[in-house]
C-alpha cells in the first residue's frame, strides 16, 4: 500500500472494485501525497477535501469508481471554484456542470479539486499572479510549461494517476513533453461538450496520464457520437499490428530548427520506430506560414479578452485593470484595440486555410512525427506574464513551434515520453494523424510504451 501512488488509474480502480482497498483509504493516501509534495511543486489551485471524502464514503459505480481526480481550473465543475488562473475570477464558484462534467461523474471519478493554469490558458507556462509558480518535478528551476501545467505536475509527481487537461494549441502535449507524461489531444468534436462558447474552435478536453491505457479508457468515457469521425472508438487496448508509414520533419512552422538535444531525441524516436518495423520517411515541414498562424491566434485571443472585459465592466463598475488582469492580458487587449475591424474574420479565414493544408499534408501518411517542442523545458520566468506582450509572443512562437497547427486542423495528436536528456530533462516526441485516427495513434503509443518502459520512469525528486 505504500506504493499506491505508483499505480495508474486503471490499477487503482481495480483495487477499489476488488475490495483490496476502500475508496476512502485511497483518497486519504492521495491527500497525504498531495500534502507532502504540493509545497514544493504547487500544482493545486484549490481542494475540496471534505466534499471528496463525502463521495468516497459512498463511491459511485463507474469504470473508474473511487479514483481521485483533479480538474484543470478552466473547466467549470459544480460546486468547485473556477478561477481560470485569473484574479478577476478569484471568487468564482461554478454552479452548473456540462455534458462533459456529467461524463466524469458517470465514470465514478472523485473530484478532489482544481489544478493550476495560466491566466485563461493563454501562456505556455503556469506562473500566475493569482497563485504563483508551478514547478517542474524533474527540476524545480524549470517551467512545467502550460497551460495544463498543474495537471501535468500532479500526475508526473505521483500526486494522482490521471487529471483533466485541455489543449487549444499544445496545452496537453507541451507540458506532457516537459514533464515526461503521455499526452493525447483527441480530434475536434470527439468528446462531450463543456458548454463554453469560443470564438474559434481549437480547444479540446481530455486528460494527462502516465499510462496509455488510462488515456484510452478516459477517452472512451468522454467521447460522443460524431458522424464526421466515424464510429465511436470505445476502449482501445491493442497495440498496432501493422507497419505504419511514418513521415518525419524537424523544422518548426516559424522556420526554426530544434536544439541539438531535441534533434537527438528525434533521432532516438526514429530509430525506435524503425526497430518496431515501421517505415520512416523524411519530409519537408508543412508549407504553412507560422507567422500568419501566430498573428491570427493572438488576434482571436485579443478579441475574446476584449469581449470578456466588456462583460465584466458593469459588474466591477469600471474596466478590469491591473488588480484583476495580468500585464500580458491587458497588453493583448490594448493591442487588439489598434487592429482593423476585419482582423477577426480575416484571422478565421487564415486559420481555416491553414487547417485544410495540414489535413492534406497528413492524408499522405499513416502518422507524422516531429518534436513536441524545439527546445528542452525552459527555465522558470521565461514566459512570466509580466514580461511584455512582444517578448512573450516571441517566446510562445518558439515554444509552440510544432503543436498549434494540429489544433487548427482539428486532428488527433500526442506527445510520447521517449527520451530524457543527460540533464534529466524529459523531451517528448509528437505524433499526429488524420481526423478521427486516434485508434492508430493509441495503437502506436501502446507499442512504444512497451518498447521504452517509460511508465517506470519517475522524476528523481519525487520517486520516494
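FYI, it's all coordinate maths here, none of it is from the lab. Nothing here was measured: the structure is a model prediction, and the numbers come from that model. Cβ: placed from backbone, ideal geometry, glycine included. Neighbour counts: every protein chain shown.
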Two-decimal Rg/Rh of segment 361-464 from alpha-carbon positions, Kirkwood Rh? 1.02
Given N residues in segment 196-275, what is Rg(Cα) / (2.2 N^0.38 Å)? 1.48
Quick one: P(r) of the chain from all Cα-Cα pairs, 10 Å bins, percents rounded to integers, in order of increasing distance. 4, 22, 34, 27, 11, 2, 0
Computed over segment 7-59, Kirkwood Rh from alpha-carbon pairs, angstrom: 12.0 Å
Hey, could you pull the Cα Rg and Dmax for segment 131-243, both in Å? 14.9, 48
Part-to-part distance (alpha-carbon centres) for segment 156-210 and segment 101-152, which is given in Å: 11 Å
Can you give the percent of C-alpha pairs in segment 269-390 whose distance is more than 26 Å? 46 percent
Hey, any idea what Rg/Rh is for segment 284-340, computing Rh the Kirkwood way over Cα pairs? 1.14
What relative contact order, as a whole-number percentage, does the chain give when Cα pairs under 8 Å and 6 or more residues apart are counted? 18 percent
Given a cut-off of under 8 Å on Cα pairs at least six residues apart, what relative contact order in percent is computed for segment 37-113? 42 percent
Please order 259, 115 by the number of other Cβ within 10 Å, starting at the fewest. 259, 115
Write down the radius of gyration of segment 356-414 and its Dmax, each obtained from C-alpha positions, in Å. 14.2, 43
Additional length obtainable on full extension of the chain from residue 224 to residue 54, 0.36 nm per residue less Cα span: 58.2 nm
Full-extension gain between residue 284 and residue 25, please, as 0.36 nm times their residue separation minus the C-alpha to C-alpha distance. 87.9 nm
What span do the alpha-carbon atoms of segment 27-136 cover on each of the three principal axes, reported in whole Å from largest to smallest? 39, 32, 22
Please state, as a whole number in µm²/s, the translational diffusion coefficient that the Stokes-Einstein equation yields for segment 394-455 at 25 °C and 0.890 mPa s, with Rh defined as the Kirkwood radius across alpha carbon pairs. 188 µm²/s
Segment 242-271 versus segment 326-378: alpha-carbon centroid distance in Å: 21 Å
Kirkwood hydrodynamic radius (Cα pairs, Å) of segment 245-340? 17.1 Å
Which residues does a label at residue 256 reach in segment 278-316, if reach means a backbone N under 18 Å from a point 7 Å past the Cα toward the Cβ? 285-286, 288-298
Which whole number in µm²/s is D for segment 262-306 by Stokes-Einstein, with the Kirkwood Rh taken over Cα pairs at 10 °C and 1.306 mPa s? 115 µm²/s
Across the alpha-carbon set of segment 388-428, Rg over Rh with Rh taken as the Kirkwood radius works out to 1.09
With label points built 7 Å along Cα→Cβ from the Cα atoms of residue 96 and residue 391, find their separation and express it in nm. 4.2 nm
Can you give me the C-alpha center-to-center distance between segment 1-52 and segment 435-464, rounded to a whole angstrom? 21 Å
Counting only C-alpha contacts under 8 Å and six or more residues apart, can you give the relative contact order of segment 151-197 as a whole percent? 28 percent
